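Structure record follows, encoded as structure tokens.
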Amino acid sequence: KIFQAVVSCIGGDGTIYIIPKSFETALNKLMAEIQNTFKGLGLLIPYCWKKGEACVVRGSDTVWYRAKIVEVSGSTLQVQYIDRGYIESIPQCHLYPTTFYTGIPPFCIPCQLYKTLPIGNFWQQEAVEYLQELLKNEEVEIHVKELPDNPWGKLSISLYFGGMSLSSFMAYQRYCVAEDCQDIQKLGVFEGDLSPSYLLQPLPVPGETFPVTVTHLVSPKEVYICLDSSENLTKCSATERSASCDSESLSKALKWCNKIVKTLPHLTNFKKELPCLAEYVDGLWYRAKLLSITQLVPVQILVQFVDYGTYLVAPTSRLRHIPCHLLKYPVQAVRVLLAGFRPASDDKNVERIPYSPEWSLKALWTMVDCVEGKRLSASILTVSPEVTISLYGDDKNLVHLKLIEMGLAELDQ
């Protein structure tokens, strides 16, 4: 069985506690009922607690949780939150014995990685802390491999985060040995000799109007667009729905990659068009491709962020190998030319775009104002030799009309 789950806790022995997403509604309902039943403080009179006894615990967040006694030692008790998995030492005044809700099974499931042997036969403290940092409160994909021998045993699973196998990843980190490691190559961090490439975004058919956002402008006429089907998926074409799904999955995969990016090797191959991960000025890592070496000492590389169209000159320290599973998502940004206008022959503005001097900087900034943060729509006119579109503003008028009004462009029939 395959299902989505949230990792609630990593036990000190490396046990992975998960809450299936399908349990969330029932768990939230139970938690609301517990809060209505138990109010105020815990049991303030002396009580003889027993190991394994059911109780409710008032957590540090003042919320009541189901728990069981794990160990009794004086005025402090060690309890396990049975719907979360974690163990904590709690003063007796924060507990209340109860037989309520004992007929409801725990909502979290203890799991172990299938055919995965920790180095030294037990999970080292460093590995447990790494798992906790990587997985706690994150949504993951669970593949059930073996059921436990008894109902309270651990479920044997394969766990995938952002398309990567946790067993393979931890084996790569040398925290364990994974018997079933065919997919370790999918990490792609070992494949420096290969020359992978990105998939291109499928485009709607010419003549069809579709929502877009402009992610980067090279000039008033040359821009990068992303298909935007977030507004109303029911009215979108199959191409747009697919693009929306890809974009959402890619965002999740990139979020995971940002968590593990320090484990990915730096680039040593600087072949043109080579896919990689590059760090942007916001400190986050995105999909990119190499364009050229702009400086040799120190080495500086011109890269393009393929999901936005933007460029950056970066040192090699800000470039890393890209895991191969990130190559299955088509590039989100598509380079297009806007139809219907050309630079004004009598534009007197002296400041020009250095790499496109036929356009004035004022024309560029005016076009930025026309498209930035706006709900736009587009219609493809031609796909060869280059993708050419008509681009409309949120008022359904062609965006370039503003430039023509200002004398910064003229109609091109």
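The values are calculated or read from the model by the stated rules, or taken from the named source; none is laboratory data. Please read these numbers as outputs of a predicted model, since none were measured by experiment. All Cβ positions, glycine included, derive from the backbone under ideal geometry; neighbour counts span all protein chains shown. Ligands, DNA and RNA are excluded from the accessible area calculation, which covers all protein heavy atoms including side chains. Shrake-Rupley method; radii C 1.70, N 1.55, O 1.52, S 1.80 Å.
Annotations
- Comparing mean-square fluctuations of ALA363, ALA378, ALA32 from a GNM of the chain with C-alpha springs under 10 Å, the top value falls on ALA32.
- Taking only the Cα atoms of the range 372-413, the radius of gyration and Dmax are 11.6, 31 Å.
- Cα-centre dipole for the chain with unit charges at Cβ (Lys and Arg positive, Asp and Glu negative), debye to 20: 740
- A straight chain from ASN137 to GLU351 at 0.36 nm per residue would run longer than the Cα-Cα distance by 71.8 nm.
- Whole-angstrom gap from the range 310-378 to the range 1-61, using each part's C-alpha centre: 51
- Highest mean packing first, where packing is the average number of other Cβ atoms within 10 Å per residue, the peptides 396-402, 262-268, 316-322 line up as 316-322, 396-402, 262-268.
- The mean accessible area for residues of the chain, using a 1.4 Å probe and ignoring ligands and nucleic acids, is 52 Å² per residue.
- Each helix, a run of at least 4 DSSP H residues, gives -39500 (n - 2.57); summed and divided by the residues of the chain, these come to -5500 deg cm²/dmol at 222 nm.
- Amide N proximity, the range 252-283 versus ILE119 label position 7 Å along Cα-to-Cβ, cut-off under 18 Å: 262-265
- Carbon/sulfur fraction of accessible area - the chain, other protein chains in place, 1.4 Å, %: 54
- Here's the list of lysines a cross-link from LYS39 could span, going by alpha-carbon distance under 27 Å and ignoring same-chain residues fewer than 8 apart: LYS29, LYS50, LYS51, LYS68.
- Working from the Cα coordinates of the range 1-194, the gyration tensor eigenvalues give, after taking √(5λ), semi-axes of 36, 18, 14 Å in decreasing order.
- Considering only CYS93, CYS48, LEU113, and ranking their Cα positions along the charge dipole of the chain that arises from unit charges at the beta-carbon of Lys, Arg, Asp and Glu, the one farthest toward the positive end is CYS48.
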